[in-house]
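Presented below is the structure to which this report refers.
Just so it is clear, none of the values below were taken in a lab; they were calculated from the coordinates. This one's a predicted model, so the numbers in the text were calculated from it and none came from an experiment. Glycine also receives a Cβ, built like all others from the backbone with ideal geometry; neighbour counts cover every protein chain displayed.
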Ligand code: NAD
């Protein structure tokens, strides 16, 4: 069993770190939130009071923080992972960030004699808790194979999709699909309600046909109860829509619907829903319709 440092114990990172502990790894955790560290300690992890302490002597380091600035700070800061993890350590960032940030951090790690892969995930809080995440991995073959045993503890579908940064490119595509499908489900609900249809039976019918989806299955209760506890926060999806729009510009491709979904997510933030689950796009469509 290996010595693992784990940074970022939020909605996703806490259960993921918990699975590594349960699998028998010697896991040292750090988060800015001391309560989050204490919770993992109660599950058998060791708590650290800095990133440096969490990664010192680690064979592998896993990070799960919100966005690009956090990943840059966690890896490249003076107290950061690259400066303090041993040479040869395997560094695995599972946050959702821009592909070029992954490449930048990976190059810094390589210069320090470390190995780095990007492994963003899909499957949400339930996927993290049940260890059935889909993990989209970018990196060199040998590094990805070295990371695979850790991924298999936290996820179910492990896909090596290309070189460093490629995992993030696929995750951007994933977020475009998830945001778009939530938005269309929201419009479908408002359409059915406008027609006086019973929503529960309407959603049953949709779920049983071609329009059924994992998104509808997972977000059905949020939609029906208008309960938007996260889950996946609108603020994080806003960050992801920015990555998608930027990636499209870089790749010189036109994605007209991505622009619309991005503006819908931005509208949710402006309506004060930034810390709500992304199923709250339904509240935006309802607001537009005066409901
Ligand atoms: P979260 O906000 O719940 O957790 C992030 C954690 O990182 C927090 O506990 C925060 O204190 C910690 N953190 C931030 N900066 C830090 C630092 N410098 N040092 C140590 N800890 C730090 O976010 P989340 O929902 O767990 O998402 C994490 C990442 O996973 C994001 O990139 C998100 O886009 C992605 N993601 C989330 C979901 C989801 O359903 N929530 C699903 C797939 C992917």
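Just the number, please: percent antiparallel of the DSSP beta bridges in the range 3-162, rounded to the nearest 5. Could the numbers behind the result be given before it?
Numbers: 3 of 28 bridges.
Of the beta bridges lying entirely in the range 3-162, close to 10 percent run antiparallel.
For residue 214, project a label point 7 Å along Cα to C-beta. Then give me every residue of the range 172-200 with its amide nitrogen under 14 Å of that point.
172-179, 181-182
Of the candidates 205, 14, 146, which one comes out as most mobile in a Gaussian network treatment of the chain with C-alpha springs shorter than 10 Å?
Maximum fluctuation in the GNM of the chain, among the listed residues, is at 205.
May I ask you to compute the full-extension gain from residue 83 to residue 130, defined as 0.36 nm times their residue separation minus their alpha-carbon distance, rounded to one decimal in nm?
Working: separation 47, 0.36 × 47 = 16.92 nm, distance 3.32 nm.
Stretched out fully, the residue 83 to residue 130 stretch lengthens by 13.6 nm.
Normalising by the residue count of the range 3-162, find the relative contact order in percent from Cα pairs under 8 Å and 6+ residues apart.
Details: 345 pairs, mean separation 31.2, N = 160.
19 percent.
Hey, with R₀ at 45 Å, roughly what FRET efficiency would residue 23 and residue 195 work out to, going by the Cβ-Cβ distance, to 0.05? Don't jump to the answer; show the numbers that get you there.
Numbers: r = 50 Å, r/R0 = 1.12.
It comes out at approximately 0.35.
Could you check how many percent of all C-alpha pairs in the chain are farther apart than 35 Å? Write down the numbers at each step before the final one.
Details: 8753 of 42195 pairs.
Here the long-distance tail beyond 35 Å is 21 percent of all Cα pairs in the chain.
Let's test the formula: R0 of 30 Å, r as the Cβ-Cβ distance of residue 257 and residue 33. What FRET efficiency results, to the nearest 0.05? Before the final figure, lay out the partial values.
Values: r = 36 Å, r/R0 = 1.21.
The value I calculate is 0.25.
Can you tell me the order of 206-217, 43-54, 162-173, 185-196 when each peptide is scored by its average per-residue count of other Cβ atoms within 10 angstrom, highest first? Before the final figure, lay out the partial values.
Values: 206-217: 13.2, 43-54: 17.9, 162-173: 21.6, 185-196: 15.4.
Those peptides, ordered most packed to least, come out 162-173, 43-54, 185-196, 206-217.
What is the distance in Å between the Cα centres of the range 206-224 and the range 73-129?
After rounding, the separation between the Cα centres reads 34 Å.
Whole angstrom only: what separates the Cα centroid of the range 134-186 from the Cα centroid of the range 241-291?
22 Å
To the nearest 0.05, how large is the calculated FRET efficiency for residue 11 and residue 107 if R₀ is 22 Å and r is the Cβ-Cβ distance? The partial results should precede the final answer.
Details: r = 29 Å, r/R0 = 1.34.
Calculated value: 0.15.
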